[in-house]
1. Counting alpha carbon pairs within less than 8 Å and at least 6 residues apart, what relative contact order, in whole percent, applies to the chain?
2. For segment 16-69, what is Rg from Cα atoms divided by 2.2 N^0.38 Å, rounded to two decimals?
3. Charges only on Cβ, +1 for Lys and Arg, -1 for Asp and Glu: so what's the dipole of segment 165-232 about the Cα centre, in debye to the nearest 20?
4. How are the C-alpha pair distances of segment 86-130 spread across 10 Å bins, as whole percents from the shortest bin up?
5. First check a/c for segment 314-372, with a ≥ b ≥ c the square roots of the eigenvalues of its C-alpha gyration tensor; if it is under 1.5, answer rounded, and if not, answer prolate when a/b is larger than b/c or oblate otherwise.
6. Looking at the calculated P(r) for the chain, what percent of the C-alpha pair distances fall above 28 Å?
7. Under a point-charge model restricted to the Cβ atoms of Lys and Arg (+1) and Asp and Glu (-1), what is the dipole moment magnitude of segment 16-69 relative to its Cα centre, in debye to the nearest 20?
8. Given the C-alpha centroids of segment 179-225 and segment 333-355, what is the distance between them in whole angstrom?
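The values are calculated or read from the model by the stated rules, or taken from the named source; none is laboratory data. The model shown is predicted, which means the values in this text are computed figures rather than measured ones. Heads up, the Cβs are rebuilt from the backbone with ideal geometry, glycines too, and the neighbour counts pull from every protein chain shown. These area figures cover heavy atoms from the full protein model, side chains too; ligands, DNA and RNA do not enter into them. Shrake-Rupley method; radii C 1.70, N 1.55, O 1.52, S 1.80 Å.
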Amino acid sequence: MVNFYTPPKKKLTSQKLTVTVTKLDAFGQGVANHKGKTIFVKSALPDETVDIQLTEDKKNYAKAKVIKYHNYSQQRVKPKCQYYTKCGGCELQHISSELQQQAKYEALIKLLSKETGALLEDNPPDIVADQPYHYRRRARLAINLVKGELFIGFRQPESSQIINIEHCPVLVEQLDALLIPLQSCLRQIKQKKALGHIELIAVDSGIILVLRHTMPLTEQDSRLLIQFAAVHHISLYFHGDNLCHAFGTKEHYYLINQLKLTFSPLDFIQVNSQINQKMIEKALEWLDVSSNDKILDLFCGMGNFSLPIATICQSVTGIEGVAPLVEKAKLNAKLNQDKIQAKTQFFTCNLEDKQQFSLWNQTIYDKILLDPARAGAYNASAEIVKISPSKLVYISCNPATLARDCKLFIEEGYNIAKIAILDMFPQTKHIESMLMLTRSG
């Protein structure tokens with residue numbers, strides 16, 4: 001048997017270091033420098049001098065935790081959540097909203113500039129924000145049974161362990177108020193091992209609760225849950241092998257620009273209704289939609305952008321890879337036909353499969369909007385430049401794939417004209433953004 005040499009792991013120094021943090025990185029960590037090495041310091045803010053202990057030491061950088069604060073930044077605030085140090089859901093509650101937004105904007109600008117070569121530092125910051133708490137209208141609660149005790153809440157930082165949550169300040173108030181009575185109900189369930197997780201949704205049509213279960217519920221447990229739904233005026237679904245409606249209305253919708261958008265409980269909707277409204281308004285503004293425009297909406301979902309756009313322009317074509325969402329977009333167009341002036345059409349198409357692009361790339365469009373998932377839209381972007389729209393708006397939940405796709409647009413003669421941060425997930429490190437690109441010449 002051959003024995004391969006394995007170098008010993010580098011031992012972390014036990015030496016206490018004192019550093020002064022100069023800025024935040026994209027993940028809300030303080031950035032300091034010690035003897036030419038960059039150190040990322042968890043929970044430290046700019047202008048704070050801290051004693052630190054290294055937790056990871058690499059050749060070009062290190063990570064550290066704070067042992068002692070010598071002073072506190074004016075941008076440090078008191079977290080509103082009682083579980084802040086235990087729950088892994090919101091990492092940035094100790095940072096003022098203004099500094100969170102600034103750090104995200106600067107991180108996005110730095111990444112876009114590096115990847116595309118565009119000169120963007122002089123762009124004035126455009127921050128689309130609303131209330132920093134009680135914004136989340138959709139949440140998934142994990143359920144775990146430990147020695148007969150039911151834990152209902154969110155995972156701890158860097159762990160699979162569940163911390164029980166009775167109040168969550170980022171949930172909209174209707175959902176936050178439901179946590180304690182929901183936990184009381186679930187703890188009365190006899191067959192607790194059947195419980196999977198809970199999906200809570202609060203929209204204009206009311207509250208939806210989807211209970212995922214891993215084995216059939218007993219009749220007694222089902223009656224208990226239905227009684228809970230009746231008392232709290234909830235639409236209840238059981239989700240085993242299939243989604244089954246158990247109580248309440250089956251019609252679920254939210255309102256946007258006086259339009260009624262229906263959806264199913266498992267469909268994707270934006271979690272922050274205020275930012276969703278502002279995002280749509282900014283998209284309409286940036287696209288400068290006119291009555292003569294023919295507009296293409298890629299990754300259109302159930303019509304979140306398509307239908308508000310269709311109240312103004314000549315035609316809207318929506319493309320989406322999930323067939324049920326396409327059917328929902330068609331239905332929503334019919335439901336709102338009295339407010340829509342554009343000709344609308346929606347098609348199912350895998351926007352990563354070039355062989356399916358003939359569904360939408362044979363028509364000339366004046367303007368294009370795209371809102372892809374985290375994987376971005378590289379193949380679709382390569383096809384967009386062939387259509388050569390005068391203007392396009394790109395909404396992104398992943399700065400890395402946004403920068404990759406923008407590089408392609410810039411190489412093909414487009415310029416980044418506007419950049420905005422969408423503060424869709426305050427108190428977290430997630431960066432949602434929006435760009436407008438215009439064709440040169």
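1. Values: 894 pairs, mean separation 51.4, N = 441.
Relative contact order for the chain comes out at 12 percent.
2. Details: Rg = 9.5 Å, N = 54, 2.2 N^0.38 = 10.0 Å.
Against the compact-globule rule of thumb, the ratio is 0.95.
3. Details: 6 positive and 7 negative charges, 90 e Å.
For this selection, approximately 440 debye.
4. 23, 43, 26, 8, 0
5. Details: a/c = 2.35, a/b = 1.38, b/c = 1.70.
It is oblate, given that a/c is not under 1.5 and a/b is not larger than b/c.
6. Values: 56978 of 97020 pairs.
Result: 59 percent of Cα pairs exceed 28 Å.
7. Values: 10 positive and 6 negative charges, 45 e Å.
Taking the Cα centre of segment 16-69 as origin, the dipole is about 220 debye.
8. After rounding, the separation between the Cα centres reads 35 Å.
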